[in-house]
Amino acid sequence: MGNIIIQTKQHLQNAKNDFFTPFMLKLAILPLVISLLFWAIIFYFFGDNLFLELYDFIRPDLAIETSWLSWIQSILDFIIKATLFIVLFVSFLVLSLLSNLIICSFLTPLVVNFIHKRHYQNIQIAPDTSLFSSILSLVWIYLVYGFFLLILIPFYFIPFVGTLFVLLPNYWLFSKTLSQDVGENIFKKTEFKTIKKTYKTSIRSLILPLYGLSLIPFLNFFIPFFALAALTHLFFTIKQGD
């Protein structure tokens, strides 16, 4: 386990060195600008109305007539408002992350080729997954993700723990899409299936801190792209070892 932690730190350091090159920064700006503008405009125009509609929908009216018990209603109102604010804020981060993931899917070959030429020219890569198959696979992943989001809706509004039910399916999506995007650009399809099973601990150890960073405001616009670089180093290291 200690060796995996050391390797994870090394992959993150290598990704940082690559990320701050002019080529990678230019690529990273694209999803940043698109995601930021799109979701900022949406939340600017519709955020207040959405908050009020949700508040009116879930707010319980206890109809307390005794003045000295009115504090109960006040506490409930505060809890509901705080929960809604957190849910909407997390939703903004999640939607930004989702947008970045979609854009990064199309930029992955550029990232993999850049890192391959810069660090791993001695390694031969021959991916055999077609663009059409990759798109179909990603569509299926997003459909499964959407299904889980829908069935978990009742849990989103549970005070203080609802956020957890938002984060879990998004971790699954983050891990699934990024690892698949990178892996299918380095390995053959059957080879990548074996890699995922054999090195699942190493992959998870790298994905977890990256996902945690993606939840930090502003950083969430860059982390999916940074994660592509980190996973590329991990998979090339695995291929080099094999």
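Here, each number is a calculation from the coordinates, and none is a lab measurement. Remember, it's a predicted structure, so these values are computed and weren't measured experimentally. Glycine also receives a Cβ, built like all others from the backbone with ideal geometry; neighbour counts cover every protein chain displayed.
Overview of results
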quantity: Span from the segment 74-127 Cα centroid across to the segment 166-242 one, whole angstrom; calculated: 11
quantity: Cα-based equivalent ellipsoid, segment 1-60: semi-axes from gyration tensor eigenvalues, Å; calculated: 40, 22, 5
quantity: Convex hull volume per residue for the chain, taking Cα atoms only, in Å³; calculated: 143
quantity: 12 Å beta-carbon shell around Val182, net charge (K/R +1, D/E -1); calculated: +1
quantity: Among Ser175, Ser205, Ser96: highest mean-square fluctuation, GNM of the chain, C-alpha pairs under 10 Å; calculated: Ser205
quantity: Top positive-direction residue, dipole computed over the chain with Cβ charges, set Asn49, Pro224, Phe147; calculated: Pro224
quantity: The chain: most fluctuating residue of Lys197, Lys188, Lys176 per GNM, C-alpha cutoff 10 Å; calculated: Lys197
quantity: Cα-Cα over 22 Å, subset of Lys117/Lys239; Lys176/Lys196; Lys117/Lys197; calculated: Lys117/Lys197
quantity: About the Cα centre, charge dipole magnitude for the chain (Lys/Arg +1, Asp/Glu -1 at Cβ), debye; calculated: 1200
quantity: Degrees, to the nearest 10: 131-151 long Cα axis against longest axis of the chain; calculated: 20
quantity: Within segment 201-242, chymotrypsin sites (Phe, Trp or Tyr not before Pro) in DSSP loop having at most 15 other beta-carbon neighbours inside 10 Å; calculated: Phe218
quantity: Cα point-scatterer Debye curve for segment 114-238, base-10 log of I(q)/I(0) at q = 0.13, 0.14 Å⁻¹; calculated: -0.60, -0.69
quantity: Hz values of 3J(HN,Hα) by residue in segment 80-95 - Karplus curve (6.51, -1.76, 1.60), Gly and Pro given as x; calculated: 5, 5, 5, 5, 5, 4, 5, 4, 5, 5, 5, 4, 4, 5, 5, 5
quantity: Local net charge near Ile4, Cβ-Cβ under 13 Å (Lys/Arg +1, Asp/Glu -1); calculated: +3
quantity: Alpha carbon convex hull of segment 192-242, volume per residue in cubic angstrom; calculated: 65
quantity: Charge tally in the Cβ shell below 12 Å around Val112, where Lys, Arg are +1 and Asp, Glu are -1, Val112 excluded; calculated: 0
quantity: Phi to ³J(HN,Hα) by Karplus 6.51 cos²θ - 1.76 cosθ + 1.60 over segment 190-200, Hz, x for Gly, Pro; calculated: 5, 5, 5, 4, 5, 4, 4, 6, 6, 10, 4
